[in-house]
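Take a look at the structure set out below.
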Amino acid sequence: MNRIDYTAPAELFPGKNAKATRRIGYRRFKSAAEAVRFAVEDMPAVLLRGAYLEVKEERFDGTQILNLYNAENFPLERAA
């Protein structure tokens with residue numbers, strides 16, 4: 001698993017899917033942790049499949065984003 005600086009600024013590029021009920025475009029976040037939480041909790045799941053997160057010139061795909069969210073060292077509170 002790649003190491004990530006959860007405090008670093010991040011860019012989220014959601015995947016594209018015609019079945020998505022709402023469209024979400026590119027977003028910048030103050031921290032990678034906020035971007036990861038948004039991708040998993042707020043973005044339609046079908047958009048996570050083709051999504052990628054960029055932090056300090058390193059890219060994480062949808063599966064890696066989900067793994068980052070579920071990691072023990074994820075610094076934010078998760079949804080119940």
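Every number here is computed from the coordinates shown, using simple stated rules; none is lab data. Quick caveat: nothing in here was measured; it's all calculated off a predicted structure. Every residue, glycine among them, receives a Cβ derived from its backbone with ideal geometry; neighbour counts consider all protein chains shown.
Tabulated data
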{"item": "Any pair with Cβ under 6 angstrom, 6 or more apart, that starts in the stretch 60-77 at a residue that is closer than 11 Å to residue 6 by Cα and ends at one that is assigned to a helix (DSSP H, G or I) and of a type in the set (Gly, Ala, Ser)", "result": "75/33; 76/33"}
{"item": "In the stretch 27-80, the residues that are within 13 Å of residue 13 (Cβ to Cβ), among the aliphatic types (A, V, I, L, M) and either touching a Lys or Arg at 6+ places or on another chain (Cβ under 8 Å) or part of a loop (DSSP other than H, G, I, E, B) (or both)", "result": "35, 43, 47, 51, 53"}
{"item": "Residue count, the stretch 43-80 (criterion: buried (at least 18 other Cβ atoms within 10 Å of the Cβ) and in contact with a strand residue (DSSP E or B) (Cβ under 7 Å, 6 or more places away or on another chain))", "result": "6"}
